[in-house]
1. Which ³J(HN,Hα) values, rounded to whole Hz and listed in residue order, are derived for the range 41-54 from phi using the Karplus coefficients 6.51, -1.76 and 1.60 in 6.51 cos²θ - 1.76 cosθ + 1.60 with θ = phi - 60°, glycine and proline given as x?
2. Can you show me the helix-derived [θ] at 222 nm for the chain, built from DSSP H runs with n ≥ 4 at -39,500 (n - 2.57) apiece and divided by the number of residues, rounded to the nearest 500.
3. Do any trypsin sites (Lys or Arg not before Pro) in the chain lie in a loop, going by DSSP, with at most 11 other beta-carbon atoms within 10 Å of their beta carbon, and if so which?
4. Pull out the extension gain between GLU50 and GLU32, defined as 0.36 nm times the separation in residues minus the alpha carbon to alpha carbon distance; nm, one decimal.
5. Can you compute the modelled spin-label distance between LEU88 and TRP70, with each label point 7 Å from Cα toward Cβ, in nm?
6. What is the Rg over Rh value, at two decimals, for the range 27-87, using alpha-carbon atoms and the Kirkwood definition of Rh?
7. Counting alpha carbon pairs within less than 8 Å and at least 6 residues apart, what relative contact order, in whole percent, applies to the chain?
8. List the lysines whose alpha-carbon lies under 18 Å from that of LYS31, not counting same-chain residues fewer than 8 positions away?
Amino acid sequence: MNIEISDERLKTFLRRRFSAEDLAWIVNDVKEMIDEGESVDTAVYDGVREFIKSKKFPDIDEFGPEQSYWDSYLMYERPLVSYVKSKLNL
């Protein structure tokens, strides 16, 4: 399921949760992986997942039912993937 997020909602979500440095780090990390020959999709999703894992967001439900985990995890992954793709013109 692909959910469209308006540019303004995406910007608001990202500004509230991440620093400019965080966002630049993700974009640079993904760009570096692509430059090293990783496929675009692999680089984008691996870069975003690695970032999410490193931050240990308290509202990701790691101990609840599996669906609850994925719902809470995707709340971060989807907007970050959209952001990275837009910044790298992918």
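Derivation of every value follows stated rules applied to the coordinates shown; laboratory data play no part. What you see is a predicted model, and the numbers here were worked out from it, not measured in a lab. Here the Cβ positions follow ideal geometry from the backbone for every residue, glycine too, while neighbour counts run over all protein chains shown.
1. Rounded to whole hertz, the list is 4, 4, 4, 4, 5, 5, x, 5, 5, 5, 5, 4, 4, 5.
2. One gets -24000 deg cm²/dmol as the mean residue ellipticity at 222 nm.
3. Those satisfying the criteria are LYS56.
4. 5.1 nm
5. 2.4 nm
6. Details: Rg = 12.6 Å, Rh = 12.2 Å.
Rg/Rh for the range 27-87 comes to 1.03.
7. Values: 43 pairs, mean separation 31.4, N = 90.
Here the relative contact order equals 35 percent.
8. LYS85, LYS87
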